[in-house]
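Every read-out reported here was derived from the displayed coordinates using simple, explicitly stated rules and does not represent laboratory data. This one's a predicted model, so the numbers in the text were calculated from it and none came from an experiment. Positions of Cβ are generated from backbone atoms using ideal geometry, with glycine treated the same way; all protein chains shown enter the neighbour counts.
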Amino acid sequence: MQSSLDTIQNNIDLNTANILNKQNTITNTTNLECNNFNVNGVLNIEKNLFFDTIVIRRPTDFSGDFAYYIGIRVFQCWLNDSYILFDNANNLISYYTLWGDNELPVGFLGSSTALIYDNTIFNDYEVMSTENSSDIALIIKNIPLT
Amino acid sequence: MLNQKSNKGLAIELYNSNDLTTILANTNIITARRKVYRFNFHSIDTYTLGFASVESSTQIVIGGGDVIEEEAILKPFLGSINIITEVNDLQTLTATHTEDLTTHTSDILTKQNLIKFSTNLETNSITTNNLESNGVNINTTSTDILTRLLALENP
């Protein structure tokens, strides 16, 4: 393996020297600024690397006692000096669910799960799940891709 | 900011809704009861609105006291590692990369060198709206050629 690594190193050194004489390559980390951007084929934007969903749950089923309720007073997510949950509150979808069947909402105390991002901070919880299950989760969807 | 009676064991996970099985980022599991939890990503350094000493709806709260502050985790859990398997895989990768590098060396030598002021170019054709040599614009329109001919006839 050492011999192989030495060969690789020599090749890398040679390539490095050669590359320095070449026009820079555009990679997926390059920031581009240009006058016109023409694409003859397909332009693909990988959106799955961005998040649009926040989940609060107990991934190890641990709660420290007999209860598994999730009670939240306020949930903030800041991005570029903006509180993006509050700013996009009208478009968000939030609900309590059991993670194993996370499309199905389950019950909770409080008038709306949207209260946790209404930017009003209470001393006690604004919403609280009523399912005493270690699988309980709170999901916030439809966040602008971030 | 959580209800203190029920916060142990909780973690925050970020997903793309197209795939709720792949965690893009997450926090550690909460192990201590506090009133407020703050989880930072790297870009916290770009935040400019200042930090609040108490819970705030307009600023990020500062850590300490009843506020736990931690770094969020960008990479998902990788699972257990078998060293022998990893070394064997590395050996295979090393051989593959040696071949790749040889190919790359060959490929690189066929590419255009960096074009700079001292580069001499030879090509099949050049199309441009403006061409200058030694500061003189080389204009080849018919009007310009006629002007030059007239200048030669009538010095």
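Cβ-Cβ distance of B:His42 and A:Thr130, R₀ of 45 Å, FRET efficiency by 1/(1 + (r/R0)^6): the value works out to about 0.75.
What shape does region A:77-146 have by the C-alpha gyration tensor, where a ≥ b ≥ c are the square roots of the eigenvalues, rounded means a/c under 1.5, and otherwise prolate means a/b greater than b/c and oblate the rest?
Oblate, since a/c reaches 1.5 and b/c is not below a/b.
Peptide B:101-107 is shielded by partner chain Cβ atoms: per residue, an average of 4 of them sit within 10 Å of its Cβ. Take the Cβ atoms of B:Leu109 and A:Asp6, set R0 to 22 Å, and the FRET efficiency comes out at 0.50.
Shielding by partners for peptide A:2-8, expressed as the average number of C-beta atoms from other protein chains within 10 Å of each residue's C-beta, is 3. Modelled spin labels at B:Leu149 and A:Asp87, positioned 7 Å past Cα toward Cβ, are 6.6 nm from each other.
Averaged over residues, the count of other Cβ atoms within 10 Å places the peptides A:70-83, B:21-34, B:90-103 in the sequence A:70-83, B:21-34, B:90-103, highest first.
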